[in-house]
1. Using the Cβ atoms and a cut-off under 12 Å, what net charge is assigned to the surroundings of Val63, where Lys and Arg are +1 and Asp and Glu are -1?
2. What is the sum of charges around Cys95, taking Lys and Arg as +1, Asp and Glu as -1, for the other residues whose C-beta is under 9 Å from the C-beta of Cys95?
3. Which one of Pro87, Trp105, Thr57 is farthest out on the positive end of the charge dipole of the chain, using unit charges on Cβ (Lys, Arg +1; Asp, Glu -1) and the Cα centre as origin?
4. What is the Cα radius of gyration of the chain over 2.2 N^0.38 Å, N being its residue count?
5. Quick one: net charge around Arg30, please, counting Lys, Arg +1 and Asp, Glu -1 for every other residue with C-beta under 13 Å from its C-beta.
6. Please list, ordered by chain and number, the residues whose modelled amide H lies under 5 Å from the amide H of Gly10; skip anything fewer than 5 residues away on the same chain.
7. If you take every DSSP beta bridge whose two residues both sit in the chain, what share of them, in percent to the nearest 5, is antiparallel?
8. How many angstrom lie between the C-alpha centres of the range 1-23 and the range 45-108?
Amino acid sequence: QVQVVESGGGLVQPGGSLRLSCAASGTIFRLYAVDWYRQAPGKQRELVAGITSGGNTNYAGSVKGRFTISRDNAKSTVYLQMNSLKPEDTAVYSCNARRATLKYWGQGTQVTVSS
């Protein structure tokens, strides 16, 4: 059974940094693309960043230059390094591991940016 677990969320002041982790088990992780999404209260879920099985990355315009997605296949983990955080980055962040028609979601981790 495939499991995807996010961690690393928390409360941080504006301008601060957090690193989120998305760990997968029960599958050949290196074959999967992984996307990070976020959903703020009252807003639609949005794609924040993604990384392919080959390591190609893409970012939403709102986070480009501040967030970095990376993967460590040996640890079956994808990271989202978030710098220069803003209050508008406050949301539940979830990761999705996908391969062809297969998609596996984690439970999400809360990120709150506030002074």
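1. Taking every Cβ under 12 Å from that of Val63, the sum is +1.
2. Neighbour charge sum, excluding Cys95 itself: -2.
3. Going by the charge dipole, the pick is Thr57.
4. Expressed relative to 2.2 N^0.38 Å, the Cα Rg reads 1.00.
5. Summing Lys and Arg as +1 and Asp and Glu as -1 gives +2.
6. Val111, Thr112
7. 95
8. Taking the Cα centre of each part, the range 1-23 and the range 45-108 sit 10 Å apart.
The values are calculated or read from the model by the stated rules, or taken from the named source; none is laboratory data. Source: prediction; values computed, not measured. With ideal geometry, Cβ positions are generated from the backbone for all residues, glycine too; neighbour counts draw on all protein chains shown. Quick note on the areas: whole protein, heavy atoms, side chains included, nothing else; ligands and nucleic acids left out. Shrake-Rupley method; radii C 1.70, N 1.55, O 1.52, S 1.80 Å.
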